[in-house]
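Only one structure is covered here, and it is reproduced in the block below.
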Amino acid sequence: MIEQRKLKELIKLMVENDLTELDLQGKDERVTLKRGGPQPQPIVVPQPTLPEMQPAGSSGPVAAAPQSGGSGQADQEGLVTIGSPMVGTFYAAPSPDAQSFVKIGSAVDLETVVCVVEAMKVFNEIKAEVTGEIRKILVENGQAIEFDQPLFLVKPA
């Protein structure tokens, strides 16, 4: 049997040289030592910063509406937020050469399609789910959007 002192020296040698396996064989004995490799480091993925939301055609910054679902209160004016139900890319029109689904001043009802969101090569129609008038468009055509991100502000009818 190998001496405990020799065993400790072999372990120290493994640690100092970052060895994961050591196999020694003599005339009448064999010692195999294995240890776990270096602990994997956690992968830290930086969160992308989102650009400030601006209505289409605006050049100045706009205060973002609170992050709320499709029927949340947006501000003191009584505007209701239409939020994105998914992560994806916002498109204001069904195709690049087509008219936008809605614009500022457009009347909408529960079934009015206000935009499409592309997610994983699938184009999903987003309905207003509120009756009223579009007052603000908070994202640009082709912009990447997050789940529950405010897209439109609507003055309820």
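Taken together, the values in this text are just the output of simple stated rules run on the coordinates, not laboratory data. Worth saying up front: this structure is predicted, and the values here are computed from it rather than measured. We place every Cβ from the backbone using ideal geometry, glycine too, and count neighbours over all the protein chains shown.
Summary of computed values
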| quantity | calculated |
| --- | --- |
| Global form of region 80-156, assessed from the alpha-carbon gyration tensor, a/c cut-off 1.5 | prolate |
| Considering only region 80-156, percent of DSSP beta bridges that pair antiparallel, nearest 5 | 100 |
| Difference of contour (0.36 nm per residue) and Cα-Cα distance, Ala98 to Gln4 | 25.8 nm |
| Footprinting exposure proxy for Val114, Val122, Val154 (fewest neighbouring C-beta atoms within 10 Å first) | Val122, Val114, Val154 |
